[in-house]
Each structure stands twice: as C-alpha cells, then as structure tokens.
Amino acid sequence: MPTNVTHEYKEAEKKYLNSRTIQEKIEGLQDMLKNLNKHKGTEKLEKQLKQKISKLKLQLEERSKKKKGSSKYSIKKEGAARIVIVGTTNSGKSTLLSRITNAKPEIADYEFTTKMPEQGVMDYKGVKLQVVEIPALTKNFYFKEEGPPLLSIIRDSDLIILTFRNEDERKMLFEELYLNDINLPIIYYNNENVEKLKELIWNNLDIIHVFTKMPGKKPSYPPIALKKGSLIKDLTEFVHKDFLKNFKYARIWGKSAKHDGQKIGLNHKLEDGDIVELHE
Ligand SMILES: Nc1nc2c(ncn2[C@@H]2O[C@H](COP(=O)(O)OP(=O)(O)OP(=O)(O)O)[C@@H](O)[C@H]2O)c(=O)[nH]1
Ligand SMILES: [Mg+2]
C-alpha cells in the first residue's frame, strides 16, 4: 500500500470497509479509485481496485439476472461496425442519430425523451454501419436497473460519439466510462454538416472499404469492409475460401497502388478505397 494516498482516498477506504451491501462496496471502491492520485507507484493498487470492482459487479449481475431478464435492452450487432451515441440528457443524441442514419427517434425539448436504445443504419460509401443511441447517461449509471445492459451495448462498440451540454457533464461522462472500464475511441462533433460528420466517424473507425472487380468489368457494389491493415490474402479469403486456393495474382487501383493496375500478390497491404481485380 503506497503511503502517499490522499485524505479523500483514506475516507473512501473507511466507507468501503464499513459497507455492507454489494452496491455500497462497489461505490466505496469506486470512490477510492476516483481519489487515487494515479502515478507509476499506484498502478498495482489501481489494478487491484478494478479487479475487486469487477468481481463484485459480476455478483450483482448474477443476482439481477435471476430476478429479471435485462434482455429487453439488448441490441443485435449488425453492419461493419457499431457506433454508439453516449451523452447526457437533452444534449442532442436523438437529433444526431436522425441526421446520420435512417432512424426517426423522438426528439423533444423535455429531458429523458429516449428511454430505450434506438438504432439506425449509417451508409458510408456503401458500407453499412450500425449507430445506436443510448438513453441519457447519469451519475452512478451502473446501479440503475438498465445500467448494466446499456453499458454492455457501449462496451460492445467500436466508437463512441460523446454529447454533453457543459464541462461538468463532460467530466461526469468520462468518469462513468472510466469507472465502467470502457476504453473505446471517443469523438466529439461540432455541428459539422452531415457529410463531414460521417467522414469524421469513418476516419476514427478501424476499417477500410475496398471494391472487387472482374477483369474487363466495373467494380462491384457495395464495397467490402475490412479491418485496417488487411492484405489481399484477407480480402481473397473473405470473397471466397476457394479463391485463396486458386489465387494466381491480383491487379490493384487506388491509394496502395504504385501505378494503375499494378500486379500484386497475397501479401500486398490494402488501403481505403482500393479497387482489386482477382485472377485465378
Ligand atoms: N442548441 C442546440 N439544440 C439542439 C441541438 N441538437 C438538438 N437540440 C435540441 O435539444 C433538444 C433535445 O434534443 P434531443 O435530440 O431529443 O436530445 P437527446 O440527447 O436525445 O435527449 P433525451 O433523449 O431526452 O435524453 C431538442 O429540442 C432539440 O431540438 C444542438 O446541436 N444545439
Ligand atoms: Mg434522445
């Protein structure tokens, strides 16, 4: 135990040691975590606190599963990636969802309009991406009935778009994400037009899109979404397993090509927007 912990940390520790219910225990540990003056010497302690919290949360979740099904909040993963809109109430989450997807969520000037997760599909250059609006996040979100299932939708995403009305709200959101061990890329937006906004989202995802074509034909549509860093080998395998066996070479147009129609092999690295002609 490092000796240079803060007064607030010691107070939180006292509260934790006197707590009785699982929820109180988690809250106490979270307070300790928040008040831990983080540096190299406290890394081990931070890890231990996080582990204790996870264990207790598991216990709590096991109990609530027995009580009621939280599956009504679950959302099936679809598309090449999942983007979640996370924010405080009335911060424009539904407005954003309606701007970038086909969804028509209720938008109103009263608070907590959205009560269930809403989803829509964002089309970017032909790639379908799932966008989910999470009902407004509040302090100690984990302890709300809908907290754990909604937090797992967030955890199971590729990118967070964060919305808030002021700096206090922004801090609260970051604290909630931290306490719930959510470490995803986060972007803000600033009322950009829809095309700029979609581009911002796309550029922060870990995927690229590529087109395949047959010799003498036009590129096929829609394109194929692949992880950044994918090779011709990955694309070929995705198109058809048999293609890989019979692969002879490919020709490529686009950012990764030295010249139009460059002849390449399986280990060539693809770039966003490339067009590939597979020869077998
Ligand atoms: N000033 C301003 N108002 C906005 C913006 N986006 C939405 N609004 C307005 O703010 C109110 C709330 O918008 P929503 O999109 O419903 O906000 P929300 O975050 O989904 O809210 P809840 O679902 O109720 O938590 C509406 O009256 C919107 O017209 C924005 O960018 N700026
Ligand atoms: Mg809403």
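The values are calculated or read from the model by the stated rules, or taken from the named source; none is laboratory data. Here the structure is a predicted model, which means the values were calculated and not measured. All Cβ positions, glycine included, derive from the backbone under ideal geometry; neighbour counts span all protein chains shown. All accessible areas refer to the heavy atoms of the entire protein, side chains included, with ligands and DNA or RNA removed. Shrake-Rupley method; radii C 1.70, N 1.55, O 1.52, S 1.80 Å.
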Exercise. If you take the residues of the stretch 74-92 that are open to solvent by 20 Å² or more (accessible area, probe 1.4 Å) and more than 11 Å from ligand 2 (Cβ to nearest atom), which of them is nearest to Leu205 (Cα to Cα)?
Worked result: Ala80
Exercise. Quick check, is Ala108 in contact (Cβ under 8 Å) with a residue 60 or more places away in the chain and either over 18 Å from Ile187 (Cβ atoms) or more than 8 Å from ligand 1 (Cβ to nearest atom) (or both)?
Worked result: no
Problem set entry | Those residues of the stretch 89-112 which are under 21 Å from Lys139 (Cβ atoms) and either outside the structural domain of Arg165 (by TED's automatic domain parsing) or more than 20 Å from the chain's Cα centre (by Cα) (or both), in sequence order | Asn90, Tyr110, Glu111, Phe112
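Among the residues of the stretch 218-232, write down those that are surrounded by fewer than 17 Cβ atoms within 10 Å (Cβ to Cβ) and within 15 Å of Ile208 (Cβ to Cβ).
Matches in the stretch 218-232: Pro219, Pro222, Lys227, Lys228, Gly229, Leu231.
Given the condition closer than 30 Å to Leu162 by Cβ and not assigned by TED's automatic domain parsing to the domain that holds Tyr189, answer yes or no: does some residue in the stretch 232-252 qualify?
Residues of the stretch 232-252 that are closer than 30 Å to Leu162 by Cβ, as a first pass: none.
No, the stretch 232-252 contains no residue that is closer than 30 Å to Leu162 by Cβ and not assigned by TED's automatic domain parsing to the domain that holds Tyr189.
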Problem set entry | Inter-residue pairs, beta-carbon under 7 Å, first at positive phi and part of a loop (DSSP other than H, G, I, E, B) and in the stretch 249-263, second open to solvent by less than 20 Å² (accessible area, probe 1.4 Å) and not aromatic (Phe, Trp, Tyr), 6+ apart | Gly254/Asp274
Exercise. Of the residues that sit in the stretch 93-107 and are in a loop (DSSP other than H, G, I, E, B) and near ligand 2 (Cβ under 8 Å from one of its atoms), which one is surrounded by the most Cβ atoms within 10 Å (Cβ to Cβ)?
Worked result: Pro105
